[in-house]
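Enquirer: Right, I'll just put the structure down here and ask away after.
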């Protein structure tokens, strides 16, 4: 069976393309040509049916991903399913299962069974956990085992995978030359950097990239080229190591397209406001316009407990300047495994950032939502205001908590409501 990008190159508009074109109000032929050229991806494994098929890339609404997954200190299938449901209910476009604790296979299989949106994973996590649980060390991972895990997850139906192919001997040399405040903060990046250093061999995901592409093509898995050298603090933003890794990912992007595999490229990380634009433009240039998937970026390092806010600030600016896909950050980032409540906060914060960027970029229909809510606000139609809000549950909670003396106003201004004054005396 041919992959989606191969069918797009042949001029075929598939069922998935028709669905996405209708959801995005984009001409189906324009969408097809963008997929054929790699500017848009539709992450969907050929072995899995999903209720919500989405497009990510140029001209699309900015999408939001929510990470869930167990840890060695908290491994509950029930809790991860709860987080999945909360994330989807809050409007996440995709999910990633980053489980590293408990029965990670069972957790992934159950999430795959129940998840209505595209699901991503980071296969190196399972490879590392299995190596350690078998009595070995992460630096002793067998390359063949890494690829067997990748194929196992692809065969199960995983729609997209983060693979840290750009952590190479060359990019690690740049890291040493540069010197960093925080070094490597990517879990997968640290696994592979340690493996390379210990074994004095090249990253197998880079050295055997054709083998990776063969698996991805077989199951039509979208590869998300991971940023294993992303900056973990603003002091390290846009340094030599990160830029070299991005250049490597640009070369790998072209090789994937030539093979018939859909590609996204991942980005930082922690980046101060004034460096976000140059980062987005650099990635788009060296990665040939491939969809850009960014974590945050977080614009300051000083806000543990509020990093969903620092991330949303950076995410809005990043998306305005070219990022296509935002990975959420929760209030518990840097502090601990998120709860279901944290997941909801993170999704909503990232959706606000994405929507703000959609407005700035002129995405079809984005501003209409704001106009509709403003009309209800003008008429003081509280029920409709809540209905049209991005988080009706929270909006209703605040409205119910503050009971005004007059039902058509709120407790901020009461009878002195500006809109009511204008309605009664000016209009």
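The values are calculated or read from the model by the stated rules, or taken from the named source; none is laboratory data. For clarity, every value in this text was computed on a predicted model and none was experimentally measured. Cβ sites come from the backbone with ideal geometry, for glycine too, and all protein chains shown count toward neighbours.
Enquirer: I need every pair where a residue in the range 393-407 that is at negative phi has its Cβ under 8 Å from the Cβ of a residue that is part of a loop (DSSP other than H, G, I, E, B) and modelled with pLDDT under 95, sequence separation at least 6 or different chains.
Expert: Taking only residues 6 or more apart or on different chains, the pairs are 399/410; 402/410; 402/411; 403/411; 404/410; 404/411.
Enquirer: Which condition does residue 180 not pass, out of (1) modelled with pLDDT of 95 or more; (2) part of a loop (DSSP other than H, G, I, E, B); (3) under 20 Å from residue 232 (Cβ atoms), if it passes all the others?
Expert: Single failed check for residue 180: (1).
Enquirer: Follow-up question, since we're still on this one. Which ones in the range 373-388 are surrounded by 14 or more Cβ atoms within 10 Å (Cβ to Cβ) and farther than 14 Å from residue 422 by Cα? Write out each step before concluding.
Expert: Applying the first criterion (surrounded by 14 or more Cβ atoms within 10 Å (Cβ to Cβ)) to the range 373-388 yields 373, 376-377, 380-382, 384-388.
373, 376, 381, 382, 384, 385, 386, 387, 388, listed by residue number.
Enquirer: Quick check on the range 74-89. Is at least one of its residues out of contact with any strand residue (DSSP E or B) (no Cβ under 9 Å at 6 or more places or on another chain), surrounded by 17 or more Cβ atoms within 10 Å (Cβ to Cβ) and part of a loop (DSSP other than H, G, I, E, B)?
Expert: There is at least one residue in the range 74-89 that is out of contact with any strand residue (DSSP E or B) (no Cβ under 9 Å at 6 or more places or on another chain), surrounded by 17 or more Cβ atoms within 10 Å (Cβ to Cβ) and part of a loop (DSSP other than H, G, I, E, B).
Enquirer: Hey, another quick one. Let me confirm something: among 344, 351, 377, which residue is closer than 30 Å to residue 60 by Cβ and touching a strand residue (DSSP E or B) at 6+ places or on another chain (Cβ under 7 Å)?
Expert: Result of the check over 344, 351, 377: 351.
Enquirer: Quick one: residue 380 ticks every box in (1) at pLDDT 95 or above; (2) more than 22 Å from residue 277 (Cα to Cα) except a single one, so which number is it?
Expert: (1)
Enquirer: Check whether at least one residue in the range 41-52 is surrounded by fewer than 23 Cβ atoms within 10 Å (Cβ to Cβ) and either without any contact (Cβ under 8 Å) to a residue 12 or more places away in the chain or outside any loop (DSSP other than H, G, I, E, B) (or both), and report yes or no.
Expert: yes
Enquirer: Mind checking which residues of the range 408-427 are part of a loop (DSSP other than H, G, I, E, B) and either surrounded by 10 or more Cβ atoms within 10 Å (Cβ to Cβ) or touching a residue at least 24 places away in the same chain (Cβ under 8 Å) (or both)?
Expert: Result: 408, 409, 410, 411, 413, 417.
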